[in-house]
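Here is the structure we will look at, set down as structure tokens.
What follows draws every value from the coordinates through simple rules; no lab data is involved. None of the values given here were measured: they were computed from a predicted structure. Note: ideal-geometry Cβ built from the backbone for every residue, glycine included; neighbour counts use all protein chains shown.
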Amino acid sequence: MTVSTRGPQASAWASRSFRYLLGSEAVSLSGSAVSTIALPALAVLKLHASATEVAVLAFVGQLPNTLALWAGALSDRYDKRRQLIGADLAAAGALVTVPAAALGGVLTIGQLYVVLLVTGAAKVVHDAAAISLLPAVVTPKQLQGANSRLGAASSVADSAGSNAGAALVGAVGPATSVLADAASFLVSAVLVWRIHTPRPSGRSAEEGRRSLMRDIAEGVRYVIGQPTIRTVIAALSALSFGLAIMNTYWAFHLLTTLGVSPAGLGVIMGVGGVGSLAGALLAPRVAARIGIGPTIVAGFAVSPLAQLPLLLAGPGLGWQVTLAAALTVQLFWATASGTSQRSLRQTLCDPRFQGRMQAASTTVTAGSRPLAAACAGALALVLGVPTVLAVGALLQVVPVVLLLASPVRTLRDMPAPTVPAAVPPAREGTS
């Protein structure tokens, strides 16, 4: 049985809790986009970070993603709202130390490492709770539309935040600009506090005594036993690894080799955000026209092709325009595909495992990025940054092959929501 994606989508806007969740995600993402501009500019232009230090910065920023399984298990076990609020407050507290240290003249690259560790851990907890909370605030029929709105809000937030970040860096400097990100997390916490969801049922005495590791193992077994979810997550992991290798030196390459200014970097990212916005808004229509599966595959297939201009680019305004255009196309299909695959996974997943399913995805996708950053740093020492970018682009072909070899490519309509399924039993002697 399937749920047709053709025709008008049910609206999630009627849910006040969804509107608060949407606002929370949008404001925190816009603030984070400011830091995406400000922190690399601060490291490269103010602290004069070397290529190795830039790679370490990327590695440290991604390292907390290895905690995703624990965050997912916690989100399935405890109140998601409290986890969201706590994560937002922790991130805000870490970020305000950057301008404070800069004002006192004691800011170091080491402090940026610590700040990225804290904000990265907060993001892992936030994402596990937020994504698994969505099916609790909208109905199954509203899920595709809700993810589309979230994707659109994320695109607007990224674009606005990137442009605001570029403007703030130019006006008040990169260190002071980080305050905008800290403020955004405080606003997000207030919005999450206003979300109302049904109170979860009390946990049994046996569940209360059960170790968190047992919950994690149970969630992993569940995901492995779901063929479609498993395939999509594997493809996401391969794509993430290739992108992470490129992203380790993406901003560094533009700021140094290509001579792009911080303002120009913000403009390129902001223009690309227009494609992301269009992809999010049009995702339900694209899926209705060509099918859920082909939409997902197309998003993965466009990614390696969109990297070609970067590999060929040189200094100059013409190349900057070309890079902005390529990023726009890439982000259109990436967001349309991302909205569709996220809705597909949430629809197919047993409600009891939403947090752990998302955590498993984060672990094998974002969790591979520290290794990718380390590989990029090592390769750059031997082969140089341009070759590292080429390797990252080539690796992005792998997930396309995985999806084309799976039933995902033939999936036309959204499957019916899953019913609670049995979990494969633990082996003798495991817990």
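Calculate, for L312 and S11, the FRET efficiency according to 1/(1 + (r/R0)^6) with r their C-beta to C-beta distance and R0 35 Å; round to the nearest 0.05.
0.20
Could you pull out which residues in the range 227-254 have an amide N less than 18 Å from a spot 7 Å beyond the Cα of L394, following the Cα-Cβ vector?
Only 238-249 pass the distance filter.
Compute the projected area of the convex hull of the Cα atoms of the range 264-343, averaged over all viewing directions, and report it in nm² to one decimal place.
About 5.1 nm², averaged over all directions.
Give the shape of the range 123-177 as rounded, prolate or oblate, defined through the alpha-carbon gyration tensor: a ≥ b ≥ c are the square roots of its eigenvalues, a/c under 1.5 means rounded, and otherwise the shape is prolate if a/b is larger than b/c and oblate if not.
oblate
Over the range 295-334, what relative contact order in percent results from Cα pairs under 8 Å that are six or more residues apart?
62
Show the residues, 5+ positions off or on another chain, whose built amide H is closer than 5 Å to the amide H of M414.
Distant-sequence amide H within range of M414: V3, T5.
Please list 3J(HN,Hα) in residue order for the range 355-362, calculated via the Karplus relation 6.51 cos²θ - 1.76 cosθ + 1.60 where θ = phi - 60°; whole Hz, with x for glycine and proline.
x, 6, 5, 5, 5, 4, 4, 4
Rg and Dmax of the range 344-417, using alpha carbons, in Å: what are they?
When restricted to the Cα atoms of the range 344-417, Rg and Dmax are 17.0, 51 Å.
What's the local net charge at A122, with K and R +1, D and E -1, over the other residues with C-beta under 13 Å away?
Summing Lys and Arg as +1 and Asp and Glu as -1 gives -2.
I need the Kirkwood Rh of the chain: take the reciprocal of the average 1/r across all distinct C-alpha pairs and report it in angstrom.
For the chain, inverting the mean 1/r across all distinct Cα pairs yields 22.0 Å.
With +1 assigned to the C-beta of every Lys and Arg and -1 to the C-beta of every Asp and Glu, and no other charges, what is the dipole magnitude of the chain about the Cα centre in debye, to the nearest 20?
Its charge dipole is roughly 1060 debye.
Testing the spin-label approximation: label points 7 Å from Cα along Cα→Cβ at V382 and V190. State their distance in nm.
5.3
Could you give the length gained on full extension between V106 and A325, defined as 0.36 nm per residue of separation minus the Cα-Cα distance, in nm?
74.9 nm
Setting aside same-chain residues fewer than 8 positions from K123, which lysines have a Cα under 19 Å from its Cα?
Result set, ordered by chain and number: K80.
Have a look at I268, T119, T139 and report the one farthest towards the positive end of the charge dipole of the chain, computed about the Cα centre with Cβ charges (Lys/Arg +1, Asp/Glu -1).
T139
Normalising by the residue count of the range 239-373, find the relative contact order in percent from Cα pairs under 8 Å and 6+ residues apart.
Taking the mean separation of contacting Cα pairs over the length of the range 239-373, I get 39 percent.
Between L89 and R221, with labels modelled 7 Å along Cα→Cβ, what's the label distance in nm to one decimal, could you check?
Placing both labels 7 Å along Cα→Cβ, they lie 3.7 nm apart.
Summing Lys, Arg as +1 and Asp, Glu as -1, what charge do residues with Cβ under 13 Å from the Cβ of N65 carry, N65 excluded?
Value of the local net charge: +1.
Report, to two decimal places, the Cα Rg of the range 226-266 normalised by 2.2 N^0.38 Å (N = number of residues).
Scaled against compact globular proteins, the figure is 1.73.
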